[in-house]
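The values are calculated or read from the model by the stated rules, or taken from the named source; none is laboratory data. These numbers were taken from a predicted model, which means no experiment stands behind them. So basically every Cβ, Gly included, is an ideal-geometry build from the backbone, and we count neighbours across all protein chains shown.
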Amino acid sequence: MKRRLTLLLRQAYKLGLYFLIPALGAVAPLLVIPAITARYGSDGWAAVAIALSLGSTAAVVAELGWGVVGPQRVSRKPDQAIDVYEMSVSTKVLAVIALAPIAAVASAVLAAPYSFSAGAALVAVGAVLGVMSPAWYFIGTGRPIMVLITDTVPKVIVSALSALMISTGAPLEIYGAGLIVATLVGYLCASTFGHLPLWPSQFRLREAAFHIKSQLVIILGRSISTLYTSLPTAFLGIASPNSVGLFSAVDRTMRMGLGLLGGVPARLQSWVGTPNLSLTELRSKQSIAINAGLGLIAAVTYVLVAPVAIDLLFSGEFKVDGLLVVLVGCVAGLICTSRGLGLALVAAERANSITKAIAISAVVGAAGLLLVAPPFGATGTVIALLAAETTGIVVQAVELRREWRRRRA
């Protein structure tokens, strides 16, 4: 009985950490955004939003799919975990070197009308560099405490310092510099406290191009997904500049809320990716149901909380109408459901099917952005996202059902 209670408490402690990680992660932007909008107004936030949009887009590509396949790969083969980590670092270093300058220049150009080009460039670099975080590795190996030490805590501390400095008159560049420092500190902590190699071996560096090629399908899918996930803000910067601030406000609050729920799919990564393949389908179905339930909770909560949260977070700079809030809430619910389907496809060794779903969704999302974003601004952009996410869920569900039927046959 005592042993059973000890195991139960240990599981509860670990589960609590998985929820604490995204909760603390959400604190970081909560600290900085009010300081930016209070000091530099809607123009300052619009410049930062464009930089985060382009930086996040480049980061999705530079991450090279490790956040998708990495956790289950190290959980299934723990004896090869360090090799997988070294492989990821060697590939991501090349990607960051190539993409960070592009994101910085593009952000500076699009933020020029708001007079914050230098600050936007630094924010973009900081966003791209964030892919070097080892969080995915510690999630896959079941060490959530190390995610706190190497990723969450450095971001919160640096964000608090950035917010304080901006509030007292520091330039916007301090935020981008803070993002860069937080990633570097976390990376060093992973080596010191997590016993991970500080730098990949020459052998791994020589193999980097080969491994990038081996994950090309996933990389392509993740890259395409940015057309309807992180790029819409930058697109609005060109098509409807006056809508950038409002859309990025509702989108950012929605994604911060989803970040709070991120502990659930993070915890399910290693659980669904069990070495016992006979349990995979059962656990995948349970994971889909859990994430769909979270999606319903997320949608309702967003509709109820968002108007007040946006007013407080953005210093009263933006007012949102009821239709926009409801539409964004629906997008949040669909994203949660899609997470569960994605985990199931990876567990079924059909990660490439996620790319297929993303590609079809991107076509729908891009068409929607071109048709309805320019005339309808923020509302039109959210409608395009809603259509894209719905399409992705349908395609993933069809692919997953087809794979399960094939296995039974």
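Which condition from (1) modelled with pLDDT under 80; (2) within 21 Å of L260 (Cβ to Cβ) is the one that R76 breaks?
Against the list (1) modelled with pLDDT under 80; (2) within 21 Å of L260 (Cβ to Cβ), R76 comes up short only on (2).
Okay, residues lined up against (1) touching a residue at least 60 places away in the same chain (Cβ under 8 Å); (2) surrounded by fewer than 21 Cβ atoms within 10 Å (Cβ to Cβ):
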{"position": "I288", "(1), (2)": "no, no"}
{"position": "T301", "(1), (2)": "no, yes"}
{"position": "F318", "(1), (2)": "yes, yes"}
{"position": "A344", "(1), (2)": "yes, no"}
{"position": "I358", "(1), (2)": "yes, no"}
{"position": "V382", "(1), (2)": "yes, no"}
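Residues to consider are T229, T233; find the one that is buried (at least 22 other Cβ atoms within 10 Å of the Cβ) and in contact with a Phe, Trp or Tyr (Cβ under 7 Å, 6 or more places away or on another chain).
Going through T229, T233 in turn, the sole match is T233.
For segment 384-409, name all the residues that are exposed (fewer than 15 other Cβ atoms within 10 Å of the Cβ) and modelled with pLDDT under 90.
Scanning segment 384-409 gives R401, R402, R405, R406, R407, R408, A409.
Please list, ordered by first then second residue, the pairs with beta carbon atoms under 6 Å, 6 or more apart or interchain, first in segment 56-82 and of a type in the set (D, E), second at pLDDT 85 or above and assigned to a helix (DSSP H, G or I).
From segment 56-82, the pairs are E63/V131.
Would you confirm, using the coordinates I've provided, whether A103 is part of a helix (DSSP H, G or I), farther than 12 Å from V32 by Cβ and more than 19 Å from the chain's Cα centre (by Cα)?
Working: part of a helix (DSSP H, G or I): yes; farther than 12 Å from V32 by Cβ: yes; more than 19 Å from the chain's Cα centre (by Cα): no.
Judged against the criteria, A103 is not a match.
With the checklist (1) touching a Lys or Arg at 6+ places or on another chain (Cβ under 8 Å); (2) under 21 Å from A95 (Cα atoms) in hand, flag the one item S167 doesn't pass.
For S167, the failing item is (2).
Check T192 against each of (1) polar (S, T, N, Q); (2) at pLDDT 90 or above; (3) farther than 26 Å from A98 by Cβ and name the one condition it does not meet.
(2)
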